[in-house]
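Read the structure below first, then the notes.
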Amino acid sequence: MTTLSRRHALLAGATLPFAAPALLSARPALAAAPLQGAATAQFNRAKLGAFEVTTILAGSRAGDKPQETFGMNVSPEEFAAASAANFIPADKSVSFFTPVVVNTSAELVLFDTGLAADATTAALASAGITPDQIDIVVLTHMHGDHIGGLSNDAGAVTYANARYVTGATEHNNWSTAANEGFDAKVKPLNDKFTFLDDGGAVVSGITAMAAPGHTPGHFTYMLESNGARMAILADTTNHYVWSLAYPDWEVRFDQDKAQAAATRRTILGMLATDKIPFAGYHMPFPGVGFVETNGDGFRYVPASYQLLL
């Protein structure tokens, strides 16, 4: 065994700053890993009593000129100030499309189907779920980004083993309007639908709640299992700042803007008071969080590990 004296150790250490660059320069260069672009996981799973709740990312879309969609009734200066205060740009945005799967232990229930069948089924596959396993498809409302995945471009039904549930008012509204998406995606399945009114049950532990304004028959749903609750808000609020934080800001896609604002205040106020978590279709993925009151509006609090416990 070689023993170094203190003097030898000091001398050896003194040469290291000069030796290290030489050693590094002699090392062969490695091929650089290619850049792959920004990305996020396609699913997130949490527990709610005896239920499992999985949100899936069925797509996202970057856009510009967000004030053409959100905050249409406020000045550009107010919109820019609110955006800056929340660390987001006022001239760009990203929209998320997030269906929810609830496993009640007896049924697998899918809420909304995304823009297209292939994107939604790919996200389901990432979560270990196949379309034939879906027992019930619930449509919160009939906008294209919620019904688009009911079938593919050739008309083949995506969830062949499922029954379908939606609000009676919502279905009646779209049935009497000329809408190619509804005619192509929903009408062929009409004989498989069950229609609910406010307070109706999809199955035990999943209750419909009327939330009109975005569309006439827009529904949210309350999940309850072993004393735990979670709301599925769908499009009650469409952005965590420009809609949730400022519930009176107008949203272009809200059919009745005044009613939609009143609905936001009612539902978000209930969630804040009772500290109920929620899943929002267009919230930043994974789309699950809480809401608290903040002055005359609200603040979105993303879930961390609360639903993993």
*Could you please tell me which pairs satisfy a Cβ distance under 8 Å, a separation of 6+ or placement on different chains, a first residue in segment 120-137 that is in contact (Cβ under 8 Å) with a residue 60 or more places away in the chain and farther than 14 Å from Ala58 by Cβ, and a second residue that is of a type outside the set (Asp, Glu) and part of a strand (DSSP E or B)?*
Ile136/Leu108; Ile136/Val109; Ile136/Leu110; Ile136/Arg163; Ile136/Tyr164; Ile136/Val165; Ile136/Val202; Ile136/Val203
*Could you look through segment 113-156, keep only residues that are of a type in the set (Gly, Ala, Ser) and within 16 Å of His171 (Cα to Cα), and pick out the one that is surrounded by the most Cβ atoms within 10 Å (Cβ to Cβ)?*
Gly148
*asked:* For segment 216-268, which positions are among the basic types (Lys, Arg) and surrounded by fewer than 17 Cβ atoms within 10 Å (Cβ to Cβ)?
replied: Arg252, Arg265
*asked:* Give me the strands (runs of 3 or more DSSP E) completely within segment 197-302, filtered to those with at least 2 residues that are at pLDDT 95 or above and of a type in the set (Gly, Ala, Ser), ordered by residue number.
replied: 206-210, 228-234, 278-280
*Meets criteria (over 28 Å from Ser225 (Cβ atoms) and assigned to a loop (DSSP other than H, G, I, E, B)) for Gly155*: yes
*Could you please tell me which pairs satisfy a Cβ distance under 6 Å, a separation of 6+ or placement on different chains, a first residue in segment 247-261 that is more than 18 Å from Phe79 (Cα to Cα), and a second residue that is among the hydrophobic types (A, V, I, L, M, F, W, C)?*
Asp254/Ala260
*So how many residues does segment 191-202 have that are of a type outside the set (Phe, Trp, Tyr), under 24 Å from Ser151 (Cα atoms) and in contact (Cβ under 8 Å) with a residue 12 or more places away in the chain?*
4
*asked:* Condition check: of a type in the set (Phe, Trp, Tyr), under 17 Å from Pro284 (Cβ atoms) and surrounded by 14 or more Cβ atoms within 10 Å (Cβ to Cβ). Does Phe96 satisfy that?
replied: yes
*What residue, of Ala160, Ala90, Ala84, is loosely packed, with under 14 Cβ neighbours inside 10 Å and touching a helix residue (DSSP H, G or I) at 6+ places or on another chain (Cβ under 7 Å)?*
Ala160
*So which residues in segment 163-206 are of a type in the set (S, T, N, Q), crowded, with 18+ Cβ neighbours inside 10 Å and either under 29 Å from Ser105 (Cβ atoms) or in contact with a Phe, Trp or Tyr (Cβ under 7 Å, 6 or more places away or on another chain) (or both), if there are any at all?*
Thr166
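The values are calculated or read from the model by the stated rules, or taken from the named source; none is laboratory data. In this text the structure is predicted, and so the values were computed from the model without any measurement. Positions of Cβ are backbone-derived with ideal geometry, glycine not excepted, and every protein chain shown enters the neighbour counts.
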